[in-house]
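To start, the structure under review is shown below, and the notes come after it.
The values are calculated or read from the model by the stated rules, or taken from the named source; none is laboratory data. Being a predicted model, the structure only gives us computed values, none of them experimental. Methodologically, a virtual Cβ is constructed for each residue, glycine included, from the backbone with ideal geometry; neighbour enumeration extends over all protein chains shown. For accessibility, only protein heavy atoms count, side chains too; no ligands or nucleic acids. Shrake-Rupley method; radii C 1.70, N 1.55, O 1.52, S 1.80 Å.
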Amino acid sequence: MSTGRSGDSTLDRVDLIFGAVQEHGYLTLSEVVEHTGIPRSSAHRLLTRMVRMRWLLRVGSNYELGVRLFSLGTEGLRNHWFHRIAYPRLRELHTRTGYVVHLAYLDGTEAMIWDKLGGGAFGAAVPTRIGMHRPAHQSAVGKVLLASETDEFIAGIRHLAPSTSRTITDLDLLHGEIAQVRERRFAVDRAESFNGVGCVATPVLAGMADTSDGHTTTAAISICAPVARIDQRLVVPLLAAAADITRHASPNPMMENRGGV
């Protein structure tokens, strides 16, 4: 069924194709037309160009995301100036605690995992991955990111889907939780995102910035451990790591006047 959102520009249509392929894994030309509403001739022309540029890979009559995207994603992750500052401190935090450490940012009302450190048996029990999106209200890292937004932004959240039996699904409870997070500067979840897994999280900043997405908090970091291990002993190193990242990332180098326009 067509979405009816065919868009007015080539970029709009490319974005629709990326979104459809990302959601479904792979699609035929007919399915791209069905899911995007782009006319068949235009869709075929765009798919051909996107394959040529390695944005997509054609396998038989199906199209999937291409190697160029994976290359850009990996390089973008490791080469981003803020990640270069944060990563050694996240690695030290993981080494010090022995638990899973996440770096995440807010994408709409979802927390997106920017990086994950920690393997082994417990790392496998935390089924997150780089690039994963999850509703922000379900996790400590998401609640910290929401707490950094305006009251108007929070008021726009209408539906709280559960992940486990402990997920906050009541809007009043979420608003109360966010008020507490703003006061203490860290958030906690106890099996609200994954059964048996707890997390503590806090924001990390990169000075003042005028951003296109309007978010004032650059990102957030978290430590995930078995629920029984979530206590103040993890909060102390978490806050110290966040303060160190924020100190080294300020002022924001992208806001420096380089004489351009």
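Structural remarks
- Length added when fully stretched, ARG40-GLU152, from 0.36 nm per residue minus Cα-Cα: 36.2 nm
- Taking label positions 7 Å along the Cα-Cβ direction at both ARG78 and HIS133, the computed distance is 2.6 nm, reported to one decimal.
- Gyration tensor verdict on the range 82-208 (Cα atoms; rounded if a/c is under 1.5, prolate if a/b is larger than b/c, oblate otherwise): oblate
- In terms of the mean number of neighbouring beta-carbon atoms within 10 Å, the peptides 42-51, 120-129, 135-144 order highest first as 135-144, 42-51, 120-129.
- Most to least packed among 154-164, 13-23 [average Cβ atoms within 10 Å]: 13-23, 154-164
- The stretch between SER61 and LEU173, if pulled fully straight at 0.36 nm per residue, gains 35.4 nm over its current Cα-Cα span.
- Counting only protein heavy atoms and a 1.4 Å probe, the chain has 54 square angstrom of accessible area per residue.
- Label-to-label distance, nm, for residues given as TYR26 and ALA228 (7 Å Cα→Cβ offset): 4.5
- The calculated FRET efficiency for VAL236 paired with ALA161, based on their beta-carbon distance and R0 = 45 Å, is about 0.90.
- For peptides 90-98, 60-68, sequence by mean Cβ density within 10 Å, most packed first: 90-98, 60-68
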